[in-house]
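Asker: I'd like to ask some things about the structure below.
The values are calculated or read from the model by the stated rules, or taken from the named source; none is laboratory data. Quick caveat: nothing in here was measured; it's all calculated off a predicted structure. Cβ placement follows ideal geometry from the backbone for every residue including glycine, while neighbour counts extend to all protein chains displayed.
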Amino acid sequence: MSGWRILTPLTRRGSTLLWCGVGMTCVAFLFGQRDLIRVGVFLIALPALSLFVMSRIRFKVSITRGVSQNRIPVNGSTETALKLHNVARISSGLLLLEDAIPWELGRSQRVVVDRLQPNQWRDVNCTLYGTARGRYTIGPTSITLVDPFGLCRTTRNFSATDTVTVVPATIALPTTSLHGDWAGVGESRARAIASTGDDDVIPREYRIGDDLRRVHWKSTARSGELMVRREEQPWRNRVTLVLDCRESAHRGSGPDSSFEWAVTAAASVGQHLLERGFGVRIMDTYGTPIVSPSQASESLSGSESVGALLDLMATVECGQAGTAPTNHSLSPEAFSDGVLIALLGDLELKDAESIAALRPRRGTALAFILDTSSWGGRSQIPDHAGQSRSAALFAVHGWRSAICGRDSDLADTWRSLSTGALAGAS
């Protein structure tokens, strides 16, 4: 079998000529037709000569690649740029360039590149369209050189790749005050810190190893003992987003599903709050933090973390099994000093009771309850009454809830929930 590998570079045309020549030569020997033998030998010699010439050619082409944007929204586009450089001392001939592209970004690109002169550069640009969330690898690239008669080819593969992340297309939300926050959270606390400063905290006794620069001299003079400022992290308004990732809680498939609506809502709310200075953490309904491998902690903070949030939302998946949240991470104590926002799919009564009991004692709790019957994939009669019962149960526990359908306007719903216009209503 190893002997047949030398014929691998032959194209379909080259293989056809070779085997036709072999067959014609054999028939000519059987019938003693010398002229036909000459034709057969000629047909064999053409692909053989092409194999020899192509094996002697050492075309040297380097590729530099890049993309204009590594992060694009769903239904957005970006440009991938390939720069070809002929580093050989001879012309390259006709080249066939193929760049491997996932189907979520379009079809694999195949481009014919004209002859490259020695030390000549050539740019090849392709457009990618993001149709589904995810992180995708573009490349590698292969270049095929074909002889002038199309009988033989030689291919060179490159290992360089690019990464493109398709993130949810976020929706701009109106700036409102999250009414109902206690005095220690929300915008009132942020203004208090801004006026007093982070160093204006209750001092404590000096401990061996404390930085002497944190000595609080007023308290030291008053108490007669060395006192230092508490080395606490600066206060940051905290928000916890609970994203329902249960497969049984959502309907529809692909981009047209209730889970995709929930992901878009989570990304929009998270981006809006990060840009306003909130610290944001994301959990599923079991209390498991949803984080990316590159995150140093579970919490994101500051507008500079918007990109990390969108990257995280680009890869979150629907498919966790189970029913009610039982993890200790989901407890009222975990949200006692912050804002809790839940994006929920189908809820049974026991699930609704478990989640409703998580309302922060001194904070605000908002619930987006999805009416999944408005998405495809449901065979039974829509249970609007079930969603209304869940909303009423959340209202009893002090939540502000809203039932959201496929055509619901997220910006209007956010304005109503955050200002309390829908408090206790659906």
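Asker: How about the range 136-177: which of its residues are within 21 Å of the chain's Cα centre (by Cα), buried (at least 16 other Cβ atoms within 10 Å of the Cβ) and part of a strand (DSSP E or B)?
Answerer: 136, 138, 162, 164, 165, 166, 167
Asker: Restricting the search to the range 70-99, which residues are surrounded by fewer than 16 Cβ atoms within 10 Å (Cβ to Cβ) and touching a residue at least 60 places away in the same chain (Cβ under 8 Å)?
Answerer: Hits for the range 70-99 are 70, 75, 76.
Asker: Does any residue of the range 178-191 turn out to be β-branched (Val, Ile, Thr), at pLDDT 50 or above and surrounded by 16 or more Cβ atoms within 10 Å (Cβ to Cβ)?
Answerer: no
Asker: Please find, within the range 26-69, the residue that is nearest to residue 113 (Cα to Cα) out of those that are surrounded by fewer than 18 Cβ atoms within 10 Å (Cβ to Cβ) and among the hydroxyl-bearing types (Ser, Thr, Tyr).
Answerer: 62
Asker: Okay, next question. Look at the range 375-416 and say how many of its residues are part of a helix (DSSP H, G or I) and either among the hydrophobic types (A, V, I, L, M, F, W, C) or modelled with pLDDT of 85 or more (or both).
Answerer: 14
Asker: Please specify each residue of the range 27-78 satisfying the condition of being farther than 30 Å from residue 138 by Cα and either part of a loop (DSSP other than H, G, I, E, B) or β-branched (Val, Ile, Thr) (or both).
Answerer: 27, 32, 33, 37, 39, 41, 44, 53 - these are the residues of the range 27-78 that are farther than 30 Å from residue 138 by Cα and either part of a loop (DSSP other than H, G, I, E, B) or β-branched (Val, Ile, Thr) (or both).
Asker: Those residues that are surrounded by 13 or more Cβ atoms within 10 Å (Cβ to Cβ), of a type in the set (A, V, I, L, M, F, W, C) and not in a helix (DSSP H, G or I), I need them from the range 100-118; list them, please.
Answerer: Of everything in the range 100-118, those that are surrounded by 13 or more Cβ atoms within 10 Å (Cβ to Cβ), of a type in the set (A, V, I, L, M, F, W, C) and not in a helix (DSSP H, G or I) turn out to be 100, 101, 111, 113, 116.
For every residue, the table says whether it meets (1) of a type in the set (A, V, I, L, M, F, W, C); (2) touching a Cys at 6+ places or on another chain (Cβ under 8 Å); (3) closer than 30 Å to residue 82 by Cα.
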| position | (1), (2), (3) |
| --- | --- |
| 16 | no, no, no |
| 29 | yes, no, no |
| 39 | yes, no, no |
| 48 | yes, no, no |
| 63 | yes, no, yes |
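Asker: Working carefully through the options 257, 299, 305, 292, find the one that is touching a helix residue (DSSP H, G or I) at 6+ places or on another chain (Cβ under 6 Å), small (Gly, Ala, Ser) and crowded, with 17+ Cβ neighbours inside 10 Å.
Answerer: Working: 257 fails: touching a helix residue (DSSP H, G or I) at 6+ places or on another chain (Cβ under 6 Å); 299 fails: touching a helix residue (DSSP H, G or I) at 6+ places or on another chain (Cβ under 6 Å); 292 fails: crowded, with 17+ Cβ neighbours inside 10 Å.
The unique qualifying residue is 305.
Asker: Take the range 264-281 and flag every residue that is crowded, with 23+ Cβ neighbours inside 10 Å and either basic (Lys, Arg) or within 16 Å of residue 317 (Cβ to Cβ) (or both).
Answerer: Across the range 264-281, the qualifying residues are 266, 267.
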